[in-house]
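In what follows, a single structure is set out as structure tokens and then discussed.
Just so you know, all these numbers are worked out from the coordinates, no wet-lab data involved. Computed from a predicted model, the values in this text were never measured in an experiment. Ideal geometry is used to build each Cβ from the backbone, glycine not excepted, and the neighbour counts take in all protein chains shown.
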Amino acid sequence: MRSDRRSRLPIAGFHRRLACVCALVFSLVGCAEKPPADDPDAVADYEQTNDPLEPTNRVFYAVNNGVDTVILRPLALTYGAVVPRPVRTGVRNVLTNLGSPIQLANDLMEAKPKRAGDTAMRFLLNTTVGLLGVFDVATSMGYPDHDADFGMTLASWGVPEGPFLFLPVLGPSDPRDAIGFGVDRVIDPFMWIGNGNIPAIHDLKWAWFSLNAISARERLEDPIQQIKKTALDPYATFRSLYRQHRAAQIETMKADSSGTVPAYSKKTSD
């Protein structure tokens with residue numbers, strides 16, 4: 001009985017955390033107020049930064065920065081120092097390969113059949129020839145990786161991003177991406193595997209989550225430290241870079257119409 005209860009904790013705990021994140025997102029959005037129209041400078045700054053909750057966001061940034069300094073960064077530095085680069089690359093490839101089902105689902109929901117086909121082939125090739133994803137053989141065979149998540153899917157459906165948010169643990173985000181993160185976790189098959197009497201699966205899931213975070217933080221060490229050392233306002237720099245990066249990802253996704261309208265089907269009039 002005890003092992004069964006333990007094996008169910010990741011899903012139950014995740015649902016509670018997801019509910020808390022959603023409640024936080026909607027409560028913060030509900031507090032956003034646009035400056036009065038008789039203050040044009042404030043209105044212009046509001047529209048440019050899209051950060052009406054800046055005081056609250058800065059508090060969460062400070063909290064996250066403290067957690068990163070004390071816990072995540074030391075773990076990431078240790079990981080980078082102890083684990084050889086080829087092994088770290090293989091780990092990153094495996095983690096990327098495990099995310100293929102989420103990527104494929106979003107490719108389909110974004111109505112991108114060519115991208116969906118590439119994702120399916122990448123998963124097949126890297127899982128087999130690439131030894132469970134350790135080696136990214138699919139890229140060299142003409143199936144490059146691309147970004148796809150439910151936040152981008154919502155953007156393709158016309159859902160606006162909403163105000164900038166800096167969320168606990170998740171970091172830079174917005175209501176659309178925060179909801180997208182939650183949906184991606186729900187549709188992730190890995191979340192639902194082994195929810196019976198398999199304690200080892202429970203431990204494996206937590207190891208996967210932890211390794212994913214540490215691997216991502218290790219790769220971002222240089223740019224993060226560069227920003228903290230050189231930027232006059234690191235928070236504003238992270239905010240700007242995040243919004244630019246997401247806008248570029250979404251624009252690339254929308255512009256990729258490969259396979260949606262085959263060239264041979266187009267008729268030209270003479």
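Can you compute the charge dipole magnitude of the range 45-93 about its Cα centre, using +1 on each Lys and Arg Cβ and -1 on each Asp and Glu Cβ, nothing else charged? Give it in debye, rounded to the nearest 20.
600 debye
Under a point-charge model restricted to the Cβ atoms of Lys and Arg (+1) and Asp and Glu (-1), what is the dipole moment magnitude of the range 53-147 relative to its Cα centre, in debye to the nearest 20?
Working: 9 positive and 8 negative charges, 44 e Å.
Its charge dipole is roughly 220 debye.
Can you list the residues of the range 89-111 with backbone N under 19 Å from a point 7 Å past the Cα of ILE187, pointing along Cα to Cβ?
Inside the label zone: 96-111.
Go through 112-123, 244-255, 51-62 and give me the packing order, highest mean Cβ count within 10 Å leading.
Numbers: 112-123: 19.7, 244-255: 13.8, 51-62: 16.9.
Order by mean packing, descending: 112-123, 51-62, 244-255.
Tell me which residues come under 5 Å, amide H to amide H, from GLU110 once H is placed; ignore anything under 5 positions away on its chain.
HN-HN under 5 Å from GLU110: empty list.
Mind listing the phi-derived Karplus ³J(HN,Hα) values for the range 222-232, rounded to whole Hz, using 6.51, -1.76 and 1.60 with θ = phi - 60°, and x for any glycine or proline?
Whole-Hz 3J(HN,Hα) from phi for the range 222-232: 4, x, 5, 5, 4, 5, 5, 7, 10, 6, 5.
Simple spin-label model, 7 Å along Cα-to-Cβ: THR139 to ALA236 in nm?
Modelled inter-label distance: 3.5 nm.
Under a 5 Å amide H to amide H cut-off, with H placed in plane at 1.01 Å, what residues pair with LEU167 once short-range neighbours are removed?
Hits under the 5 Å cutoff: SER173.
Residue-wise, which Karplus ³J(HN,Hα) couplings in Hz belong to the range 136-153, taking 6.51 cos²θ - 1.76 cosθ + 1.60, θ = phi - 60°, and x for glycine or proline?
8, 7, 5, 4, 5, 9, x, 10, x, 6, 8, 8, 7, 8, 6, x, 5, 4
Given PRO168, GLY130, MET109, which one lies farthest toward the positive end of the charge dipole of the range 67-175, if we put +1 on the Cβ of every Lys and Arg and -1 on the Cβ of every Asp and Glu?
Most positive-ward Cα: GLY130.
Using the Karplus curve 6.51 cos²θ - 1.76 cosθ + 1.60 with θ = phi - 60°, what ³J(HN,Hα) values do you get for each residue of the range 67-80, in whole Hz, with x for Gly and Pro?
Ordered by residue, 3J(HN,Hα) equals 4, 5, 5, 8, 10, 5, 4, x, 5, 5, 5, 5, 4, x Hz.
Could you rank the peptides 77-83, 93-99, 233-239 by their average count of other C-beta atoms within 10 Å per residue, with the highest value first? Walk me through the numbers before you get to the answer.
On the way: 77-83: 13.1, 93-99: 19.6, 233-239: 16.4.
Descending mean neighbour count gives 93-99, 233-239, 77-83.
Which residues' amide hydrogens lie under 5 Å from the amide hydrogen of ASP51, considering only partners 5 or more residues apart or on another chain, with H built in the peptide plane?
HN-HN under 5 Å from ASP51: PHE164.
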